[in-house]
Amino acid sequence: MQTIHVGFIGAGKSTHRYQAPFILRRPEKFTITKIFARHLDHIKWEKIPGVTYTDDLEAVLADENIDLIVISTPVMHYEYTKMALEHGKNVVCEKPFTDTYKQAKELFDLAKEKQLLCMAIQNRRFDSDFLTTQKVIESGLLGNILEVNMCYDYYRPDVPLNANYFDPYHGYLYGHACHTLDQALSYFGMPKNHHFEVRQLLGKGRMNDYFDLDLFYDKGLKVSVQSSYFRVKARPRFTVYGTKGTFIKQSEDRQEFDLKRFYMPIPDHPDFGVDLPSDYGTVYYYDDHGDYHEEVIKSVNGDYARYYDAVYDSLVNEAPLLVKPEETLTQLAFLEEGIKQCF
């Protein structure tokens with residue numbers, strides 16, 4: 001089996017918590033060789049054994065053995081991705097990929113010209129709650145789907161309260177809607193119409209801390225992507241309404257919960273990210289005979305390593321890209337349109 005050699009630009013939380021652990025879960029497919037950090041003495045994470053850490057960016061970009069570069073920095077996504085592509089490297093880049101549609105279009109065009117893979121990291125397509133919701137929709141128990149609410153709420157008032165300025169690219173819309181909006185676009189496709197409400201609950205000139213993005217599809221389907229920093233009691237992660245029933249999944253995927261307490265997917269933990277029975281969702285529906293049912297639905301296991309399985313298949317087996325450029329471009333066009341409400 002061909003091995004893909006990986007280099008990272010960025011040595012912080014994204015690299016050591018959200019990306020590298022899942023690449024390392026596929027040792028037969030990937031080997032991490034180098035990680036670039038601007039300041040080696042500022043790395044707060046335990047270093048990965050056998051990996052070279054360097055503060056020389058060119059040492060990563062110009063390494064002929066590196067096939068794939070992962071951009072996992074909080075800033076300079078456009079700049080680093082462009083540099084990697086210009087050095088002939090395949091690239092995956094953290095969400096929301098770039099600040100603007102124009103930047104993303106330039107990068108995708110450059111990758112196409114050089115016949116390189118260039119893709120946004122949308123690993124939350126493999127969230128347990130999202131996969132379980134798809135399973136319920138496709139079961140037919142709910143009938144024709146009329147409305148889907150996708151909420152990712154927090155109660156973290158200290159974040160917006162301590163941000164006394166407005167930054168369009170580092171608020172709640174760009175930082176969080178990029179997860180759920182991509183889920184909606186990847187599963188339901190391009191909407192026929194849309195309506196956005198993007199707010200600063202603490203007033204103009206403050207941080208964007210709320211959004212409600214409504215996407216409208218054929219046959220009356222409405223998909224709402226919603227989040228707030230001021231929800232003491234979070235709304236259900238997914239609620240699906242159909243002509244025959246409703247599905248409610250209250251809690252979110254547990255992979256992030258485990259990662260935050262450093263219960264990592266490696267060494268092998270079979271229960272990593274696996275929902276407990278108390279986390280399962282419930283479907284409420286009427287069958288074809290008019291009888292009412294309530295049924296607990298065991299969660300589908302999530303696995304962010306599946307994102308890198310898709311990357312491998314595209315690089316080695318020429319499989320279509322998991323995250324298509326047009327999906328990322330649509331997401332960015334929507335983010336740009338929505339954030340204008342805060343100016």
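The values are calculated or read from the model by the stated rules, or taken from the named source; none is laboratory data. Note that the structure is predicted; figures quoted are calculated from it, not measured. Cβ sites come from the backbone with ideal geometry, for glycine too, and all protein chains shown count toward neighbours. Surface accessibility is based on the protein's heavy atoms, side chains included, excluding ligands, DNA and RNA. Shrake-Rupley method; radii C 1.70, N 1.55, O 1.52, S 1.80 Å.
A few points about this structure:
- For the set Lys47/Lys82; Lys29/Lys114; Lys222/Lys340; Lys44/Lys82; Lys102/Lys135; Lys102/Lys260, the pairs lying more than 29 angstrom apart at their alpha carbons are Lys102/Lys135; Lys102/Lys260.
- Charge context of Arg26, other residues only, Cβ under 12 angstrom, K/R +1, D/E -1: -1
- The calculated FRET efficiency for Asp214 paired with Gln115, based on their beta-carbon distance and R0 = 35 Å, is about 0.35.
- Net +/- balance of residues flanking Phe211 in space, Cβ distance below 11 Å, scoring K and R +1, D and E -1: -3
- What a 1.4 Å probe finds exposed on region 248-325 is 53% carbon and sulfur by accessible area, rounded to a whole percent.
- Averaged over its residues, region 239-309 has an accessible area of 53 Å² per residue, based on protein heavy atoms and a 1.4 Å probe.
- Cα-based convex hull, region 181-249, per residue volume (Å³, whole number): 107 Å³
- Charge tally for Glu197 (other residues, Cβ to Cβ under 10 Å; Lys, Arg +1; Asp, Glu -1): -1.
- Label assignment, mean projected area of the Cα convex hull in nm² derived from the structure, set (i) 17.0; (ii) 18.5; (iii) 23.6: (ii)
- Separation of alpha-carbon centers, region 284-312 and region 1-32, rounded to whole Å: 29 Å
- Within the listed set Gln250, Gln134, Gln226, the residue fluctuating most in the Gaussian network model of the chain (springs between alpha-carbon atoms under 10 angstrom) is Gln134.
- Under the criterion of Cα pairs below 8 Å and six or more residues apart, the relative contact order for the chain equals 19 percent.
- Where GluC sites (Glu not before Pro) fall in DSSP loop in region 1-85, at most 12 other Cβ within 10 Å: Glu28, Glu46, Glu64
- Within the listed set Ser72, Ser139, Ser224, the residue fluctuating most in the Gaussian network model of the chain (springs between alpha-carbon atoms under 10 angstrom) is Ser139.
- For the chain, the longest principal axis of the Cα atoms and the long axis of helix 305-317 meet at an angle of about 60 degrees.
- For region 297-333, GluC sites (Glu not before Pro) are listed when DSSP marks them as loop and at most 14 other Cβ atoms sit within 10 Å of their Cβ; the list is Glu318.
- A 1.4 Å probe run over the protein chains yields, for region 149-237, 44 Å² of accessible area per residue, whole-number rounding.
- Across Ile71, Ile43, Ile35, mean-square fluctuation computed from a Gaussian network of the chain (C-alpha pairs under 10 Å connected) peaks at Ile43.
- Taking amide H as placed 1.01 Å from N in the peptide plane, the amide H of Thr73 sits under 5 Å from that of Glu94, each at least 5 places away or on another chain.
- On Cα atoms only, tilt of 325-339 relative to the major axis of the chain in degrees: 70 degrees
- Share antiparallel - DSSP beta bridges, the chain, percent rounded to 5: 60 percent
- Mean residue ellipticity, 222 nm, helices only, the chain: the sum of -39500 (n - 2.57) across DSSP H runs of n ≥ 4, divided by residue count and rounded to 500, is -8000 deg cm²/dmol.
- Between the Cα long axis of helix 128-139 and the first principal axis of the chain there is an angle of about 50°, rounded to the nearest 10.
- Residues of type lysines that Lys233 reaches as a straight line, Cα spacing below 20 Å, ignoring anything fewer than 8 places off in the same chain: Lys249
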